[in-house]
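Read the figures in this text as sums done on the coordinates, not as results from a lab. As the structure is a computational prediction, the values presented were derived from the model and not from experiment. Virtual Cβ from ideal backbone geometry, glycine too; neighbours counted across all protein chains shown.
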Amino acid sequence: MDPKIQAHANLLDLIGNTPLVHLGNIAADYPGEYYAKLESFNPGHSAKDRIAAYIIEAAEKKGILKPGSTIIETTSGNTGFSLAMVSIIKGYNCILAVSSKSSKDKIDMLRTMGARVYVCPAHVSADDPRSYYEVAKRLHRETPDSVYINQYFNALNSEAHYATTGPEIWKQTGGQITHLVACSGTGGTISGTARFLKEQNPDIQVLGVDAYGSVLKKYHETGELDRDEIYPYRIEGLGKNLIPEATDFNLIDKFIKVTDEASARMAREICKTEGIFAGYTSGAVMQAVKQYKEAGTFNPDSRVVVIFPDHGSRYMSKIYSDQWMQDQGFDEALEGEEKVEQVE
Ligand code: PMP
């Protein structure tokens, strides 16, 4: 690279240091001030770039990875995309074992990003040798110099956010933050960020967001996994049907649950009011802010940071399709359609 040219060596330089943006419209009537941390500004368009780079670099330091080694994970979501991106840049193979429920668009996207994708039957139990968990474990055993990322059970997941997201928010708010509101899936984002922020100021309130159909909120309150809490839901990346070891429940002050419909509508509302083309869980976290506000959580001195995990472009055939919204029964008059005018 010519040293006179102001270029980044590659996309890895652009991971993290995402912007914090004041929400001047959608929360204008709420007490206090509200700021969104836009994780879609990462080069792979989600917060998962942070853990992909951090976990792979940790494995390099331990000497596990060499050029041509293999990264393995079980996801068709944002983590898969970020791992594929980092693997290409660093010269590793990337294998993703995904469920047959994954959309063709997602599988095509991962293949385009150079990953080898194993599509595993969705209807089998987790311990069946054909399940995506077992396929990933087998490939890890059979592939020399491979790393199984295992984001739900890997402590490096939250460490990545302790090392980056937490310090960024502390610096960007000049230490004024009073509340962090974040989604919990693996729990890496909320746990790592919370740990850093509470070390700076233990009074900061950490407010989690969970989905109806997931066990996290109940587990936080009772310490028990209640299977009656589990049923299918639409929001991807939020909540879970098991207890992820990557989550530190002691650092989370409270959880609130949000519905598929309210979260989808709120994501559309963020687009219309702030011009931020937000992902589905950004709608979920903003819906949670609304519910926390209605419960009297905030006051005029509150300085609330909400994490928007990814970009709206990944949801074109879901929450940003009027047809999909209607198919889900979220069919109360949707705005938008009438804004398309056909010129003959
Ligand atoms: N939103 C989206 C879109 C995600 O993919 C994830 C990750 N599963 C989350 C939120 C939650 O982040 P975390 O796994 O760090 O709890």
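The modelled label-to-label distance between Phe277 and Ala58, using points 7 Å beyond Cα along the C-beta direction, is 3.3 nm. All Cα-Cα distances of region 146-204, cut into 10 Å bins from zero to the largest, leave 25, 50, 20, 5, 0 percent in each bin in turn. Pairwise Cα separations in region 83-158 fall into 5 Å bins from 0 onward with the following percentages, short to long: 3, 16, 22, 25, 23, 10, 2. Derived from the Cα gyration tensor, the three semi-axes of the equivalent ellipsoid of region 228-344 are 28, 19, 13 Å, largest first.
Partners of Lys272 within straight-line reach, counting lysines whose Cα lies under 28 Å from its Cα and excluding those fewer than 8 residues away in the same chain: Lys37, Lys48, Lys106, Lys257, Lys290, Lys293, Lys318, Lys339. For Glu221 and Glu142, FRET efficiency with R0 = 45 Å and r from the beta-carbon atoms, rounded to 0.05? It comes to 0.60. With the charge dipole of region 21-178 set up from +1 on Lys and Arg Cβ and -1 on Asp and Glu Cβ about the Cα centre, the Cα lying farthest toward the positive end among the listed residues Ser103, Gly166, Asn42 is that of Ser103.
Normalised by residue number, the volume inside the convex hull of the Cα atoms of the chain is 178 Å³ per residue.
Here the peptides 184-194, 232-242 are ranked by packing, the mean other Cβ count within 10 Å, and the order with the highest first is 184-194, 232-242. Plainly put, region 1-96 has a radius of gyration that is 1.11 times its Kirkwood radius, both from alpha-carbon atoms, as the Rg/Rh ratio.
When the Cα atoms of region 182-282 are aligned to their principal axes, the ranges along those axes come out at 37, 37, 17 Å in descending order. Relative to the Cα centre, the charge distribution of the chain, modelled as +1 at Lys and Arg Cβ and -1 at Asp and Glu Cβ, gives a dipole magnitude of about 1100 debye. Across all directions, the average flat footprint of the convex hull enclosing the Cα atoms of region 42-136 is 6.0 nm².
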